[in-house]
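To start, the structure under review is shown below, and the notes come after it.
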Amino acid sequence: MTLTYLDAIIAHHRQRAAADQRTLSQARTAAESQRAAVDASSGAPGSGRGGKALRDFAAALQGDSLMVIAEIKRRSPSRGALNESLDPRQLAKRYAAGGAACLSVLTDGPHFGGSAADLQNARAATTLPVLRKDFTVSALDVVDAFAMGADAVLLIVAALSDDELATFNALALELGLAVLVEVHDESELRRALRIEPRLIGVNQRDLRTFEVDRERAVRVAGEIPEGVVGVAESGITGMADAARLAAAGYRAVLVGEHLVTSRDVEASLADLRLALPS
């Protein structure tokens, strides 16, 4: 049986997690001091549980226009190099100047060329909330997201059991992190809704084949309950895509490849920030 992109990536992360000898208690104790150091070095204001300098990711996606989560991504398994030499600090500043509501930073090294340092450097450059974009497969991954300075964590339904999804979500919320729960179809959305998420991301890229279906997000949008913020992900390349997704009911889009390969990042980002239908 041939491994899909998702199978191979998740297998790598589960092997890494299985080799991690830390207990959850040990990791959480270390994370508190690590997070304090990261927050102190960022020099940016924030607020959160227990005085932690967390930035409110979910609140940043509220507004009268389509909000953009701008992604910092060096490469992808399907397209290869996108912008290998990018400077996370400078790109984060350009995203903020273009009106991004939040940042998303890839921290997966083997498949996307990212790192915790990319996230920390991007976060230190702006006051925007930051999502750790990675393949969360253990409770320690959630704690590590908190420790490295993330304000939100990604949970991919296709990669997790129902028990893992519920456990990791509860832990993230306990740490004060926002949770973006990612689905690819209606059946995954039904699983996601069992944990009563605040944010649902609908990825138009099939992580098994890495092909993009631009009708996927529109189709699934009607199943997202009122009160849950819908975020469309992948395959968004300009104003026409943004308009179609806003009309379908999405309040935000997560955009990576289109922005990291743009010659005019600020203009490309501003084009996505359309007024939401009244």
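Within 11 Å, Cβ to Cβ, of V142, how many net charges do the neighbouring residues add up to if Lys/Arg are +1 and Asp/Glu are -1?
Here the count lands on -3.
Residue farthest toward the positive end of the dipole of the range 5-272, with Cβ of Lys/Arg at +1 and Asp/Glu at -1: which of L86, A18, T209?
Farthest towards the positive end: L86.
Please list the non-local residues whose amide H lies under 5 Å from the amide H of S104, H modeled 1.01 Å from N, same-chain partners needing a gap of 5 or more.
Hits under the 5 Å cutoff: A70, E71, I72, L131.
What is the Cα centroid distance between the range 1-42 and the range 132-204, reported in whole angstrom?
When both Cα centres are located, 14 Å separates them.
Can you give me the relative contact order of the range 66-166 as a percent, contacts being Cα pairs under 8 Å and 6 or more apart?
Relative contact order for the range 66-166 comes out at 23 percent.
Using θ = phi - 60° and the Karplus relation 6.51 cos²θ - 1.76 cosθ + 1.60, list the HN-Hα couplings for the range 145-160 in order, rounded to whole Hz, with x at every Gly or Pro.
My calculation for the range 145-160 gives 4, 4, 4, 7, x, 5, 9, 8, 10, 9, 10, 9, 4, 5, 9, 10 Hz in order.
Output the relative contact order of the chain, whole-number percent, from Cα pairs under 8 angstrom with separation of 6+ residues.
Contact order relative to length: 21 percent.
Can you work out the Karplus-derived ³J(HN,Hα) for every residue in the range 137-143? Use 6.51 cos²θ - 1.76 cosθ + 1.60 with θ = phi - 60°, whole Hz, and x for glycine or proline.
Taking θ as phi minus 60°, the curve returns 10, 8, 4, 5, 5, 5, 5 Hz for the range 137-143.
What fraction of the DSSP beta bridges in the range 5-272 is antiparallel, stated in percent and rounded to the nearest 5?
Approximately 10 percent, going by the DSSP bridge assignments.
Using the charge dipole of the range 5-272 (Lys, Arg: +1 at Cβ; Asp, Glu: -1 at Cβ; taken about the Cα centre), state which of G230, L173, A242 has its Cα farthest towards the positive end.
Checking the options against the dipole of the range 5-272, the answer is L173.
Nearest 20 debye, what's the magnitude of the dipole of the chain about its Cα centre given +1 on Lys and Arg Cβ and -1 on Asp and Glu Cβ?
Dipole of the chain, to the nearest 20 debye: 520 debye.
Given the rule -39500 (n - 2.57) for each run of at least 4 DSSP H residues, summed and divided by the residues of the chain, what is its mean residue ellipticity at 222 nm, to the nearest 500 deg cm²/dmol?
One gets -12500 deg cm²/dmol as the mean residue ellipticity at 222 nm.
May I ask for the net charge around T167, where only other residues with Cβ less than 13 Å from the Cβ of T167 are counted and Lys, Arg are +1 while Asp, Glu are -1?
Local charge sum for T167: -4.
I'm spelling it out carefully: the read-out is Cα Rg over 2.2 N^0.38 Å, the candidates are (1) 1.07; (2) 0.97; (3) 0.93, and one was derived from this structure. Which label?
Derived directly from the coordinates: (3).
For a Förster distance of 51 Å, can you work out the FRET efficiency between the beta-carbons of A117 and A166, rounded to the nearest 0.05?
0.95
Every number in this text was worked out from the coordinates using simple rules, so none of it is lab data. Quick caveat: nothing in here was measured; it's all calculated off a predicted structure. Note: ideal-geometry Cβ built from the backbone for every residue, glycine included; neighbour counts use all protein chains shown.
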